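*Asks:* Pasting in a structure now, in structure tokens, and then I'll have a few things to ask.
The values are calculated or read from the model by the stated rules, or taken from the named source; none is laboratory data. These figures come from a predicted structure and were not determined experimentally. A quick note on method: Cβ atoms are made from the backbone with ideal geometry, for glycine too, and the neighbour counts reach across all protein chains shown. Protein only, heavy atoms only, side chains kept; ligands, DNA and RNA dropped before computing areas. Shrake-Rupley method; radii C 1.70, N 1.55, O 1.52, S 1.80 Å.
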Amino acid sequence: MRPSQPIHVQLTQVAPWGLAFDGERGERFQIAVLEHDLLRVSLFSGGQPRLDRTWMIVDAQGTAPREGRLREDYSPFALPGYAHSLQDQQVQLRTAALQVEIALGPLALRWHDAQGRAFATDDRRRAYQYDRTGRSVFHYLVRRPTEHYYGLGERAGALDKHGGRFILKNVDAYGYDAARSDPLYKHFPFYITYVPELGLAYGLLYDNLPPPTFDLGQEIDAYHGPYRSYQVEDGDVDYYLIFGPSIGEVVRKLARLTGHMALPPRWSLGFMAGTMGYTEAPDAQHQLQTFVERCQAEQIPCDLFHLSSGYTTGEQDGKRYVFNWNRSRVPDPPGLARYFRDRGMRLAGNIKPWLLLTHPQYAEVAQQGGLIQAAEADEPEHVTLWSGGISQSEPGAYLDFTHPAAYAWWQNQVRSALLEMGVSVTWNDNNEYEIWDDAARCDGFGQPIPIGLIRPLHSLLMTRASWEAQQADLPDERPFVICRSGMPGVQRYAQTWSGDNYTRWESLRYNIAMGLGLSLSGAPNMGHDIGGLVGPKPDPELFLRWLQCGVFQPRFHIHSLNDDGSISEPWMYPKILPLVRQTIQWRYRLLPYLYSLFYHAHRDGDPMNRPLVYEFPEDARCRAESFDFLLGSHLLVPPIFEEGVRHREVYLPAGSAWHPFYGEGWLEGGQSVALPAPLEHLPLLVRAGGIIPMGKAMQHVGAEPDDQREVYLFPHPGAGSAQFELIEDDGLSLGYQRGEVSTVGLGLAATPEQVMLTLRVSGGYALPYSEMTFILPPGEARPLEAPAGARLWVGEDGRRRATVTF
């Protein structure tokens, strides 16, 4: 390796979009001013980008063409203008929000906010490097010991990544250790830096797809001082600096840059079940239908069941052939789907992006050129792939989703093998694309690209192809798509999850931090396999506590492949079945709050699950908290992580008072308190001013008229105000895009003398209810000023209520 950096750099272009510089060896360095608070920095060591397209960054419509967008297309951005000056080998660039010092010898940047406070600095001795004998590139920055780093997608360990080293290489991490394993499933080269002494945050998004290594303080070298780095074996240093100044503003701006989360159907917030066990059984169809009957008999609500890949196995050889139906196990696929749908449940079909050499359609797809090609031969690149039982493998090839023939073949198969059979959801699995010859060739939509430059892109395009097929099948319904691997942009099409976790208490704990990191990285629609997929079956208490935690995460799904062959089912332990039923029913009662947060995430970019630092960055304890989290801004969720715990010490963020959801009395923030944690529920807390709308439990979404709303109010114990925007629409169609959505603006204000409630309805959707009941916390005695005509009354629990008729 010959690490080099640009020398004798000169300013050579001043353009409406920004500045360009050239180095003595032909390097090109650019700073594009896209918005006052969004700048793009690029180093092209050969003078041109190694890949001239991007799939991360969206256009003005919030998407990107299937074949990618030109990186130099700045049409989606305001290009607001800037000022610059050159003096003594240093360029000053200024926008309304930022000031950037550009040192030309050696090349390095120093970033300031509008007040002139320096918040980020390149390591001047080696800021932008590239290997003159290879293709590696590097970016080094100064690391402050006080900084906090959040993001990088779903990484193992604590939420704050300061001091860690992470490889973003997508692998099938079966049974991973949620506290320590690296790499994992996804490629999210983005992280937020929070600088506590300045009280500001900014994000760095590296628009490059080869697997990078982020070192955020694990490597130490006395000759350089504290530093952090981005290193990657190919591509370019091409990053976007997103200035907050708050963490929330960074996340919202990231959503605008890489695309907002797709708004899924309301039913996707219901309970979702799955197991490897049923579809591996000889009588799979009977076992699947028995599951439906048991849900109804036990009064367990359920909206979706995941068909694991056992339904695709060959009847003679037991190998997994995507889009094949094993008619011995499932004799009547349409009848199976109809049986579920008649009882209010949908099916998701597991699909994988590869073909074994023995797949019935392998030759057809290979002849069309639809498989990724070997580097030095005009034939598919053969790799080892999962073929049958656990750890069984055989040669096969991955589909090339940059080839039009493969893309079309996939969509035709989704349509004929799943959608026409009544399976309405695609579960896009095992799409990490573990091809390790970086020179293997992709069609690149007619411009060939080596796999090493675009490996994560295939999971994005696979998911997009499935999404488009589902959309074409039901044009006025929202597709619901599930995807395991991914990169920035996958949130535009799919819900994701943290992969094949191991059954242990530690996984319950650290999966939370993984999900929060993913939420901060622009993919808020996520979750985890409740109870753990791999390992021993969960004991009763672990199973219940995991389920109670999952209630407050976007994806609410039990899945299992237990070592002893047992299946993790709601009724697996009769002694706790009443509590399991109560927990799942409570999830359905919470849907009005959850769905509103879904809509806010889709529209604005704010995640449903938020680390405490998202709302309370001034509190040093919150900056380091990895496991307690907020659902929206109003509800604090402290999970239980140990067996036998019936009281839990919970830290209450400073800056607010807190009220136990299940208890009485206000607690001041900035302290730790011991709260009851009975087996029946978690020790939930509500922020002062909290507004929690709830509905009624039902067997599945739509099983009954959704005609009940109760809103739990927690007015500030002194003086304060808060709002919540309740979203109502049909929860299924694209009508919301045509204005068929209503908002119920709920306002709650308090003084020491009284509580004031306001309610405002607007929009084009007829509400399914004619009244709304507001419930005050126990002991709240201040006079309530409610909308005209409200009926004030006291419930059997002694809590004061107000029912407002629309």
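*Asks:* Restricting to region 606-615, and then to whatever is open to solvent by 10 Å² or more (accessible area, probe 1.4 Å) and not basic (Lys, Arg), can you tell me which residue is farthest from the chain's Cα centre (by Cα)?
*Replies:* Only one residue fits best here, namely Glu615.
*Asks:* Go through Ile584, Ile576 for me and flag whichever is in contact with a Pro (Cβ under 9 Å, 6 or more places away or on another chain), β-branched (Val, Ile, Thr), closer than 19 Å to Ala273 by Cα and crowded, with 20+ Cβ neighbours inside 10 Å.
*Replies:* Result of the check over Ile584, Ile576: Ile584.
*Asks:* Shifting gears a bit: Of the numbered conditions (1) in contact with a His (Cβ under 8 Å, 6 or more places away or on another chain); (2) open to solvent by 20 Å² or more (accessible area, probe 1.4 Å); (3) aliphatic (A, V, I, L, M), Met1 satisfies every one except a single condition; which is it?
*Replies:* (1)
*Asks:* Being surrounded by fewer than 22 Cβ atoms within 10 Å (Cβ to Cβ) and closer than 19 Å to Gln413 by Cα narrows it down to one residue among Ala375, Ala366; which is it?
*Replies:* Just a single option satisfies the conditions, and that option is Ala366.
*Asks:* Taking region 179-217 on its own, how many of its residues are buried (at least 24 other Cβ atoms within 10 Å of the Cβ) and β-branched (Val, Ile, Thr)?
*Replies:* The number of residues fulfilling the criteria is 2.
*Asks:* Can you name every one of the strands (runs of 3 or more DSSP E) wholly within region 154-216 that holds 3 or more residues which are among the hydrophobic types (A, V, I, L, M, F, W, C)?
*Replies:* Fully inside region 154-216 and qualifying: 190-195, 200-206.
*Asks:* Take the residues of region 54-98 that are of a type in the set (Ser, Thr, Tyr) and surrounded by fewer than 19 Cβ atoms within 10 Å (Cβ to Cβ): which is farthest from Gln491 (Cα to Cα)?
*Replies:* Ranking the candidates gives Ser85 first.
*Asks:* Return the residues of region 131-166 that are aromatic (Phe, Trp, Tyr) and open to solvent by less than 10 Å² (accessible area, probe 1.4 Å); say none if nothing qualifies.
*Replies:* Within region 131-166, Tyr149, Tyr150 meet the criteria.
*Asks:* Follow-up question, since we're still on this one. Where in region 48-144 are there strands (runs of 3 or more DSSP E), lying fully within it, with 3 or more residues that are at pLDDT 95 or above and under 19 Å from Thr12 (Cβ atoms)?
*Replies:* Once the strands (runs of 3 or more DSSP E) in region 48-144 are filtered for at least 3 residues that are at pLDDT 95 or above and under 19 Å from Thr12 (Cβ atoms), what remains is 83-87, 90-94, 98-104, 107-113.
*Asks:* If Thr275 meets every condition in (1) touching a residue at least 12 places away in the same chain (Cβ under 8 Å); (2) out of contact with any His (no Cβ under 7 Å at 6 or more places or on another chain) apart from one, which number is that one?
*Replies:* It fails just one condition, (2).
*Asks:* Inspect all residues belonging to region 260-279 and state whether any of them is under 25 Å from Tyr595 (Cα atoms), among the small types (Gly, Ala, Ser) and open to solvent by 10 Å² or more (accessible area, probe 1.4 Å).
*Replies:* Yes, that holds for at least one residue.
*Asks:* Got a number for residues in region 619-671 being open to solvent by 40 Å² or more (accessible area, probe 1.4 Å), farther than 19 Å from Gly550 by Cα, among the acidic types (Asp, Glu) and in a loop (DSSP other than H, G, I, E, B)?
*Replies:* Residues that pass the stated criteria total 1.
*Asks:* Could I ask something else about it? How many residues are charged (D, E, K, R), in contact with a His (Cβ under 9 Å, 6 or more places away or on another chain) and buried (at least 18 other Cβ atoms within 10 Å of the Cβ) when one looks only at region 105-125?
*Replies:* So the count comes out to 2.
*Asks:* Being surrounded by fewer than 20 Cβ atoms within 10 Å (Cβ to Cβ) and in a loop (DSSP other than H, G, I, E, B) is the requirement here; does Ala674 meet it?
*Replies:* Judged against the criteria, Ala674 is not a match.
*Asks:* Within region 694-733, track down each residue that is assigned to a loop (DSSP other than H, G, I, E, B), farther than 25 Å from Gly795 by Cα and open to solvent by less than 30 Å² (accessible area, probe 1.4 Å).
*Replies:* Once the filter is applied, which keeps residues that are assigned to a loop (DSSP other than H, G, I, E, B), farther than 25 Å from Gly795 by Cα and open to solvent by less than 30 Å² (accessible area, probe 1.4 Å), region 694-733 yields Asp729, Gly731.
*Asks:* List the number of the failed condition for Glu506; all other conditions in (1) among the charged types (D, E, K, R); (2) closer than 23 Å to Glu154 by Cα; (3) open to solvent by 10 Å² or more (accessible area, probe 1.4 Å); (4) not in a helix (DSSP H, G or I) hold.
*Replies:* The single condition Glu506 does not satisfy is (4).
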